[in-house]
1. Just reorder His52, His65 by solvent-accessible area, largest first, 1.4 Å probe, all chains present.
2. Just how large is the dipole of the chain about the Cα centre, in debye to the nearest 20, putting +1 at every Lys and Arg Cβ and -1 at every Asp and Glu Cβ?
3. Modelled label-to-label distance, Gln73 and Ala22, 7 Å Cα→beta-carbon offset: nm?
4. Which loop-located chymotrypsin sites (Phe, Trp or Tyr not before Pro) does the chain contain, where loop means any DSSP state but H, G, I, E or B and the Cβ has at most 16 other Cβ atoms within 10 Å?
5. For percent of Cα pairs over 17 Å apart, which listed value, [x] 60; [y] 39; [z] 46, comes from the coordinates shown?
6. Who wins for biggest fluctuation among Val16, Val66, Val36 in a Gaussian network model of the chain, springs between alpha carbons below 10 Å?
7. Can you find, among Pro68, Ile80, Leu19, the residue farthest towards the positive end of the dipole of the chain? Put +1 on the C-beta of Lys and Arg, -1 on that of Asp and Glu.
8. Tell me, in nm to one decimal, what length is gained between Met64 and Leu9 on full extension, where the rule is 0.36 nm per residue of separation less the Cα-Cα distance?
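The values are calculated or read from the model by the stated rules, or taken from the named source; none is laboratory data. Remember, predicted model here, so these are calculated numbers, not experimental data. FYI the Cβ positions are ideal-geometry reconstructions off the backbone, even for glycines, and counts take in every protein chain you see. SASA here: full protein model, heavy atoms, side chains in, ligands and nucleic acids out. Shrake-Rupley method; radii C 1.70, N 1.55, O 1.52, S 1.80 Å.
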Amino acid sequence: MNAEILGLLNELLDRVKRLEKAASAPPRQAWKPSEVSKLTGVSYDTVLDLIHAGEIGYVPAGRMHVVPDAELQRWLSRGITAA
């Protein structure tokens, strides 16, 4: 029983350390299209279509597209309409 509790406490401490590390990490500067899709709720294929149409700017990184955070914020704010 004590070994089980000790194991659970160690697991909890590991989780807390990972969360503290993530909280102290610098803010993201760029996103992959799949991450843009998850963040916005727009399908991955639509994100790629928007990139290829020039509606969302990107930086080429080899065969990948990297969307700078500032560009993502610009694209998102472009769609804001008054209610």
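1. Result of the area sort, largest leading: His52, His65.
2. Charge dipole of the chain: 180 debye, to the nearest 20.
3. Inter-label distance under the simple model: 2.2 nm.
4. Here no loop site has a sparse enough neighbourhood.
5. Computed from these coordinates, percent of Cα pairs over 17 Å apart corresponds to label [x].
6. The residue with the greatest mean-square fluctuation here is Val16.
7. The residue sitting farthest along the positive end of the dipole is Pro68.
8. Extra length from Met64 to Leu9 when fully extended: 15.7 nm.
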